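Right, one structure below, let's go through it.
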Amino acid sequence: MKKIIFINIFFLLNYSMQVFSIDMPFFYKGARPMALGDAFTSVADDENAVSYNPAGLTDISENKITITGRIFSYDFLNENYTNNCVGFTLVYARSFGIQIFYNLLGDKILLSQEKIFLYEGIKITSAFAHSINDTFGVGLNGNVIVQTGKAGGVEFDIGFIYKINKYLKTGLALKNFINSGNFLIIDDVGDVRITSYPFFFNIGISATPFKFFLISFEIKNILETESFFTDKDMEGEKSITFKRSFHLGSEFNFLENFFVMTGLEAREDIPYLKFPYIYKMRYNMSYGLGYNFQFIRINISVANDFREVSNVKNPWQIYLSITGNY
């Protein structure tokens, strides 16, 4: 059997105000999915399928080993916020994948090293997939999440991939359809809260009308589910509603080895968790470049939702991935 080693070094260099209060603790977002506007549930044709849609593993024809990392750090109002991550992914062609990630999230007062509020987290994901036939695949993943303090738990996702024809493919992911536990969320100014796992229903469709062109559209959290704060010392609002979001991405392949990607995400977000009933519309733009050279693929992408906090504008996020196969 041909041995294939896949090495992916992924750095997220992000010196921004961008902390999504509605993000689930998936810890990892890949350079390519982010370049596609996070519209990846129906694409799911690489190692990112382990988290986005496990059914996509049925489209992966190579065994892969992935090392990933994320650097997220910025200063704001005499505080330093961080959200760093390192991880490891193993994919066995068409059937199995596992991810292990370590996350460090929180802030510290720059004027006093004694005031440090950092939260550690570990996420372990095992994913399995099976092809029912040439057009239909199903996958399941289980996630164990442990975070500092009261947060952590177990949740399961189920995903489906259906190939309508050789040009069209649909994907569906039920995130946290079985769950037990809580997780940490953080807002624009670094306030951290604990909430129960919500159920997300994501659906997408992707098309390759030409061999060199991919376009993908996705709606996440169609049902706009509600989750409950579990902070014992919390007063006022007891719940938070996660709004649906819309994602559009495209990838263009030219000169055989080069790829250009672009994406757009539109969503309602909560800037301040002290007011969980006040939402703000945000649009996240992303762009990416990819290059294939023999057994190496390099992806670089940038993203920005152009938010502004206390007159500080959100700079571009930068993602980089280097992939090797043989």
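The values are calculated or read from the model by the stated rules, or taken from the named source; none is laboratory data. Fair warning: this is a prediction, and the values are worked out from it, not measured in the lab. So basically every Cβ, Gly included, is an ideal-geometry build from the backbone, and we count neighbours across all protein chains shown. Each accessible area value is taken on the protein alone, full model and side chains, heavy atoms only, with ligands, DNA and RNA left out. Shrake-Rupley method; radii C 1.70, N 1.55, O 1.52, S 1.80 Å.
Just to confirm the filter: which GluC sites (Glu not before Pro) across the stretch 241-325 are DSSP coil and have at most 16 other Cβ within 10 angstrom of their Cβ?
Here the sparse-neighbourhood loop sites are 256.
Out of residues 5 or more away from residue 152 or on other chains, whose amide H comes under 5 Å of its own, with H placed 1.01 Å from N in the peptide plane?
147, 182, 183
Any idea what the relative contact order of the stretch 190-294 is, in percent, if you count C-alpha pairs under 8 Å spaced at least 6 apart?
Values: 215 pairs, mean separation 22.5, N = 105.
Relative contact order, the stretch 190-294: 21 percent.
Fully extended, how many nm does the chain gain between residue 278 and residue 136 (0.36 nm per residue separation, minus their Cα-Cα distance)? Before the final figure, lay out each step's value.
Working: separation 142, 0.36 × 142 = 51.12 nm, distance 4.08 nm.
Between residue 278 and residue 136, full extension yields 47.0 nm more.
Please state, as a whole number in µm²/s, the translational diffusion coefficient that the Stokes-Einstein equation yields for the stretch 147-209 at 10 °C and 1.306 mPa s, with Rh defined as the Kirkwood radius across alpha carbon pairs.
Values: Rh = 14.0 Å.
D = 113 µm²/s.
Mind giving me the FRET efficiency for residue 167 and residue 239? R0 is 41 Å, r the Cβ-Cβ distance, nearest 0.05 is fine.
Values: r = 42 Å, r/R0 = 1.03.
Computed FRET efficiency for residue 167 and residue 239 comes out at 0.45.
Rg(Cα) of the stretch 111-228 divided by 2.2 N^0.38 Å?
On the way: Rg = 18.6 Å, N = 118, 2.2 N^0.38 = 13.5 Å.
Rg over 2.2 N^0.38 Å, computed on Cα atoms: 1.38.
As a test question: what accessible area, to the nearest 10 Å², does residue 94 have when a 1.4 Å probe is rolled over all protein chains in place?
In the full protein context, residue 94 sits at about 120 Å².
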